[in-house]
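Report on the following structure.
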Amino acid sequence: MKTFSIVLVLAVISSFNLKAQSYEIIVYGATASGVMASVAASQQGCKVLLVEPGKHIGGMVTGGLSHTDYGDRTVIGGLTYQFYQKVADYYKTHVFYWRGPEPHVGEKILKDWLQASKVDVLFGKRVSKVWKENGRIIKLTFTDNTEITGLVFIDAGYEGDLMARAGVSYTNGREGIKDYKESWAGRQPVTFTSHQIDARISPYNNNKEKKLILLI
């Protein structure tokens, strides 16, 4: 009887902790930006949770596009420079010898960095509902019905799912020039002097009405 009581109490405590997890900073999306935001916040003494809907860390940086673009190296500093330094240390060479690591190496570097920074990480959690109070996000509900509360939420995903579910306005495709008076907005003619590729595929699914293909 006593054993049953102990097990029951532990089960209740475990269930309560699962639904009552709270963090100061919650970052949604374990892209390279999400990792950097998590590490930076943790270094400032915040309790941080990084949530990734998928199974991997690093986004494009560890997903095959790790050969990163950069111009003037002298302006690269902070955590970005530290990442390049970690890459150089792994390959036993000087900084910037490699513009990026192999995918599995990059992911290991970022995972080790998160662990050393004491950032909690959750995989396979996709946001289904965002709770707000007085215009501020206070809680997330995931597709498996688990909930996480926090003080500050950062959407570091490529799709902006968290912000969309929070009611932030968004648009599919590129805005026109008139929307924000941006001369390079909208569709531009393909040239070989403006860092563009001569593409022969139309981005429209209806040329008459000029409707863009979804996600273009």
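The values are calculated or read from the model by the stated rules, or taken from the named source; none is laboratory data. All figures in this text were calculated on a predicted structure; none of them were measured in a lab. Because the Cβ atoms are built from the backbone with ideal geometry, glycine has one as well, and the counts that use them run over all protein chains shown.
Below, the figures for the structure above:
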{"read-out": "Exclusive hit being touching a helix residue (DSSP H, G or I) at 6+ places or on another chain (Cβ under 6 Å) and either exposed (fewer than 10 other Cβ atoms within 10 Å of the Cβ) or modelled with pLDDT of 95 or more (or both), set 137, 154, 197", "value": "154"}
{"read-out": "Test: residue 9 is of a type outside the set (Lys, Arg), part of a loop (DSSP other than H, G, I, E, B), surrounded by fewer than 21 Cβ atoms within 10 Å (Cβ to Cβ) and at pLDDT below 95", "value": "no"}
{"read-out": "Qualifying positions in the stretch 130-168 - under 19 Å from the mean Cα position of the chain (by Cα), of a type outside the set (A, V, I, L, M, F, W, C) and not in a strand (DSSP E or B)", "value": "143, 157, 158, 159, 160, 161, 165, 167"}
{"read-out": "Filter pass, residue 171 being touching a Leu at 6+ places or on another chain (Cβ under 8 Å), surrounded by fewer than 18 Cβ atoms within 10 Å (Cβ to Cβ) and polar (S, T, N, Q)", "value": "no"}
{"read-out": "In the stretch 97-129, residue modelled with the lowest pLDDT [restricted to those that are surrounded by fewer than 13 Cβ atoms within 10 Å (Cβ to Cβ) and assigned to a loop (DSSP other than H, G, I, E, B)]", "value": "99"}
{"read-out": "Residue within the stretch 127-135 that is over 18 Å from residue 65 (Cβ atoms), among the basic types (Lys, Arg) and in contact (Cβ under 8 Å) with a residue 40 or more places away in the chain present", "value": "no"}
{"read-out": "Pair list, Cβ under 8 Å, 6 or more apart: the stretch 170-182 residue among the hydrophobic types (A, V, I, L, M, F, W, C), other residue surrounded by 12 or more Cβ atoms within 10 Å (Cβ to Cβ)", "value": "177/185; 177/186"}
{"read-out": "Residue tally, condition assigned to a helix (DSSP H, G or I) and over 20 Å from residue 31 (Cβ atoms), over the stretch 86-96", "value": "4"}
{"read-out": "Residue within the stretch 157-166 that is modelled with pLDDT under 80 and closer than 30 Å to residue 83 by Cα present", "value": "no"}
